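Below is one structure, written out as structure tokens; the observations come after it.
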Amino acid sequence: MANEERPCLCNIGDRFDYRGLGQEVQVEHIRAYICKPSSSTDKAVIVIQDIFGWQLPNTRYIADMLAANGYIAICPDYFVGQEPWKPSDDWSIFNDWLKTRDASRVDREADAVLKYLKQQCGAKKVGVIGFCWGGMAVHHLMLKNPELKTGVSVHGVIKYFEDRYSLLHPTFFIFGESDEYIPIEQVTIMEQKLKQHCKVDYNVKIYPGHTHGFVHRKREDMNPKDKPFIEEARKDIINWLNKYI
């Protein structure tokens, strides 16, 4: 399990030096970053941040990657103006901080973004992807929101969503084998419960040797042996979205 002095290991990896190719827009009561593909499309993906917020360059990089693959990609501020977590913050208060940002209370924001995508962008088919905190939000939305087509939960924390596996839509769950915050035993139990309760397609994939946050928090050039797995995970994400959107 995670060290109690640092209960979330989301800061493993690098913060990209990346400015983004999209623009910021106002979506009802929230700000959002949006990037569109070069050709018109009616397919869109909502990108949900990790604890470091909607302005994290790494997350905007993923949004731009999705746009390069033909999707309207939008990353809203699901903290609705509240400060994101900073690596320099006191980890002893992390769990109290997390209680003020409940990943199961994102329905209002999700509805606002869906409305914006449909009315302002012409989107007809919408999926969602989220990282860590955002992965939990994806799990929630896959249980609750009938308008979404599919979801990808990237190292979404399991312990807050135990016994909630009656998914409405196909969902892809990504984990790292060496994730100290999400023990492999939890992933095994999750797979067992999905087999028992889930009526739609799902996939749980564990990437060998990798830690929490490797898909968008670890740079490809940090270690040559990591690059193929990072590229594989990102390709897997695109393939899943292409299949269901």
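Among 205, 159, which is within 17 Å of the chain's Cα centre (by Cα), modelled with pLDDT of 95 or more and surrounded by fewer than 20 Cβ atoms within 10 Å (Cβ to Cβ)?
Matching residue, one of 205, 159: 205.
Tell me, yes or no, whether region 219-231 has at least one residue that is touching a residue at least 60 places away in the same chain (Cβ under 8 Å) and within 30 Å of residue 116 (Cβ to Cβ).
Checking region 219-231: not a single residue is touching a residue at least 60 places away in the same chain (Cβ under 8 Å) and within 30 Å of residue 116 (Cβ to Cβ).
For region 68-104, enumerate the residues that are touching a strand residue (DSSP E or B) at 6+ places or on another chain (Cβ under 8 Å), on the phi < 0 side of the Ramachandran plot and surrounded by fewer than 21 Cβ atoms within 10 Å (Cβ to Cβ).
Within region 68-104, just 77 meets the criteria.
Which of the helices (runs of 4 or more DSSP H) found entirely inside region 157-245 contain at least 2 residues meeting this: farther than 18 Å from residue 135 by Cα?
It comes to 184-197, 227-244.
Determine the pairs where a residue that is under 15 Å from residue 171 (Cβ atoms) and open to solvent by 10 Å² or more (accessible area, probe 1.4 Å), located within region 118-141, has a partner that is at pLDDT 95 or above and part of a helix (DSSP H, G or I) with Cβ atoms under 7 Å apart, the partner being 6 or more residues away or on another chain.
Pairs that qualify, where the first residue is under 15 Å from residue 171 (Cβ atoms) and open to solvent by 10 Å² or more (accessible area, probe 1.4 Å) and the partner is at pLDDT 95 or above and part of a helix (DSSP H, G or I): there are none.
Residues of region 171-190 being open to solvent by 20 Å² or more (accessible area, probe 1.4 Å) and within 30 Å of residue 147 (Cα to Cα), which ones?
186, 188, 189
Return yes when residue 108 is part of a loop (DSSP other than H, G, I, E, B) and basic (Lys, Arg) and no when it is not.
When the stated conditions are applied, residue 108 does not pass them.
The values are calculated or read from the model by the stated rules, or taken from the named source; none is laboratory data. From a predicted model like this one, the values you see are computed outputs, not experimental measurements. Counting neighbours? That spans all protein chains shown, and the Cβs are built from the backbone with ideal geometry, glycine included. Protein only, heavy atoms only, side chains kept; ligands, DNA and RNA dropped before computing areas. Shrake-Rupley method; radii C 1.70, N 1.55, O 1.52, S 1.80 Å.
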